[in-house]
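Input: a single structure, listed below in structure tokens.
The values are calculated or read from the model by the stated rules, or taken from the named source; none is laboratory data. What you see is a predicted model, and the numbers here were worked out from it, not measured in a lab. Positions of Cβ are backbone-derived with ideal geometry, glycine not excepted, and every protein chain shown enters the neighbour counts. Just so you know, the surface numbers come from the protein's heavy atoms only, side chains and all, with ligands and any DNA or RNA stripped out. Shrake-Rupley method; radii C 1.70, N 1.55, O 1.52, S 1.80 Å.
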Amino acid sequence: ENFIFKPGPKPSYNKKALSNIRFSIKACKIIKIKYGLKLKSYLLQPYGILYGHRHYLIAKDTNDKSTSLKYFSLPKIKDFVVTKDYFIRDESINLNKLRKNSFGIYDEKPFNVEIRFKKEVKEIVKEFVFHEDQTVNEHSNGDINIKFKSGGLIEMVWYFFRWGKYIEVLKPRKLKILVDKFKYDWTAIP
């Protein structure tokens, strides 16, 4: 067998750091990183890795009690050290619930989303799962609606505007305004 990844943009990250992150998650080891352009230091309790268009370390910042979890883009992690210290995993943190309430990485209060796709793209729409809790309704005219509840407004805009003239955002109004603002009549669709 031969597996290849599609060409084009993909996240660049230190593979050794990823291996150490995976170890520290499993072993409940506190890690120290330097992050971003200013190389800010963080002492973190790692909980998971979110894979996608960009990959993120999901962790608790030991110095910030106001936020339960933060996301750290793997390419922006410059130094990575697994410390000798352990942490006790907070069992109330459920990464699957976090993922279920998000469209992408933005952790915000979920809202109702309803999108109508025109009949010209319905077969392509059926090839996608936009959100794991989506419901799909096909209309008699061939249009197709998807509904789900999620946060992640900005990532939804980034994704849904690519469907161009074949999409109509019905809910929420804020998403409709943003998608319509950037909608383009593409010659191809996702």
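Per residue of segment 18-26, what does 6.51 cos²θ - 1.76 cosθ + 1.60 with θ = phi - 60° give for ³J(HN,Hα)? Whole Hz please, x for Gly and Pro, Karplus curve as stated.
Whole-Hz 3J(HN,Hα) from phi for segment 18-26: 4, 4, 5, 4, 4, 4, 5, 5, 5.
Of the beta bridges DSSP finds with both residues in segment 39-188, what % are antiparallel, to the nearest 5?
Numbers: 25 of 26 bridges.
Looking only at bridges with both residues in segment 39-188, the antiparallel portion is about 95 percent.
Collect residues whose amide H, placed 1.01 Å from N in the peptide plane, falls under 5 Å from the amide H of Trp186; neighbours closer than 5 in sequence don't count.
Lys165
Of Lys10/Lys119; Lys16/Lys70; Lys65/Lys176; Lys60/Lys109; Lys15/Lys183; Lys16/Lys181, which sit over 30 Å apart, Cα to Cα?
Values: Lys10/Lys119 32 Å; Lys16/Lys70 21 Å; Lys65/Lys176 35 Å; Lys60/Lys109 19 Å; Lys15/Lys183 37 Å; Lys16/Lys181 42 Å.
Beyond 30 Å between Cα atoms: Lys10/Lys119; Lys65/Lys176; Lys15/Lys183; Lys16/Lys181.
Working out 0.36 nm times the residue gap between Ile93 and Arg173, then minus their Cα-Cα distance, what length gain in nm do you get to one decimal?
Values: separation 80, 0.36 × 80 = 28.80 nm, distance 3.11 nm.
Extending this stretch completely gives an extra 25.7 nm.
Find how much the distance from Ala27 to Ser73 grows on full extension, using 0.36 nm per residue of separation minus their present alpha carbon separation; answer in nm with one decimal.
On the way: separation 46, 0.36 × 46 = 16.56 nm, distance 2.12 nm.
Contour length minus Cα-Cα distance gives 14.4 nm.
In debye to the nearest 20, how big a dipole does segment 35-190 give about its Cα centre with +1 on each Lys and Arg Cβ and -1 on each Asp and Glu Cβ?
On the way: 29 positive and 20 negative charges, 80 e Å.
My answer is approximately 380 debye.
Loop only by DSSP, 14 or fewer other Cβ within 10 Å of the Cβ. Give me the chymotrypsin sites (Phe, Trp or Tyr not before Pro) in segment 3-67 that pass, ordered by residue number. If you can, show how the numbers build up before the last one.
Details: sites: Phe3, Phe5, Tyr13, Phe23, Tyr35, Tyr42, Tyr47, Tyr51, Tyr56; in loops: Phe3, Phe5, Tyr13, Tyr51.
The qualifying sites are Phe3, Phe5, Tyr51.
Expected output is a single nm value to one decimal: the length gained when fully extending between Tyr184 and Ile4, i.e. 0.36 nm times separation in residues minus the C-alpha distance. What is it?
Details: separation 180, 0.36 × 180 = 64.80 nm, distance 3.11 nm.
Computed gain between Tyr184 and Ile4 is 61.7 nm.
Rank these residues by their accessible area, most exposed first, probe 1.4 Å: Asp61, Asp185. Kindly include the intermediate steps, with their values, before the conclusion.
Values: Asp61 20, Asp185 90 Å².
Most to least solvent-accessible, the answer reads Asp185, Asp61.
So how far apart, in nm, are the two label points at Val81 and Lys149 if each is 7 Å from Cα heading toward Cβ?
Inter-label distance under the simple model: 4.5 nm.
Quick one: which residues, 5+ away or cross-chain, put their amide H under 5 Å from the amide H of Lys78? H built at 1.01 Å from N.
Lys34, Tyr35, Gly36
What are the ³J(HN,Hα) couplings of segment 44-51, residue after residue, when phi is run through the Karplus curve with 6.51, -1.76, 1.60 and θ = phi - 60°? Round to Hz, x for glycine and proline.
10, 9, x, 10, x, 10, 9, 9
Can you work out the accessible area per residue across the chain, with the rest of the protein chains kept in place, probe 1.4 Å, in square angstrom?
That works out to 66 Å² for each residue.
Could you report the accessible area of His139 in Å², rounded to 10, computed with a 1.4 Å probe on the protein chains as they sit in the structure?
The accessible area comes out at roughly 50 Å².
What residues qualify as long-range amide H neighbours of Ile49, i.e. H under 5 Å apart, gap of 5 or more or another chain, H built at 1.01 Å from N?
Ile58
Output ³J(HN,Hα) for segment 81-86: one whole-Hz value per residue in order, computed from phi by the Karplus curve 6.51 cos²θ - 1.76 cosθ + 1.60 with θ = phi - 60°, and x for Gly and Pro.
With coefficients 6.51, -1.76 and 1.60, one gets 10, 7, 7, 7, 8, 9 Hz.
How many angstrom separate the Cα center of segment 90-131 from the Cα center of segment 14-33?
That distance is 28 Å.
For segment 166-189 and segment 42-89, what is the separation of their Cα centres, given in Å?
Between the Cα centre of segment 166-189 and that of segment 42-89, the gap is 34 Å.
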